[in-house]
Amino acid sequence: MRRLFWLAMGVTIGALVVRKLSAAAEKLTPQGIAGALVEGLRDLADAIGEFGADVRAAAEAREGELRAGTGLDAPLPERGAAEFPGRHSAAPADR
């Protein structure tokens, strides 16, 4: 019974080693290297796209904060209704 157990253990370990070595050998072929390169470039492109989306969202939020803080979105006053400091609303004197 012990011999049968160790035989089964050896066969199982041998099969796992062969599978791991085959996978490693496949990665070292030109097709395996090209596949890994393509996958890496695809991941890089996805990361760049996500970064760009994050930057656009942050810029939009900051622009909203700046517009709210400066009053750029406020409606314009009616013509002649605006009062400026240092100016008097009296009629201009003749020259």
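Computed from the coordinates by the stated procedures, all read-outs in this text should not be read as laboratory data. The model shown is predicted, which means the values in this text are computed figures rather than measured ones. Note that we place each Cβ from the backbone using ideal geometry, even for glycine, and neighbour counts take in every protein chain shown.
List of remarks:
- Filter pass, L72 being surrounded by fewer than 10 Cβ atoms within 10 Å (Cβ to Cβ) and assigned to a helix (DSSP H, G or I): no
- Taking the criterion of being basic (K, R) and surrounded by 10 or more Cβ atoms within 10 Å (Cβ to Cβ), the only residue of the stretch 1-19 that qualifies is R19.
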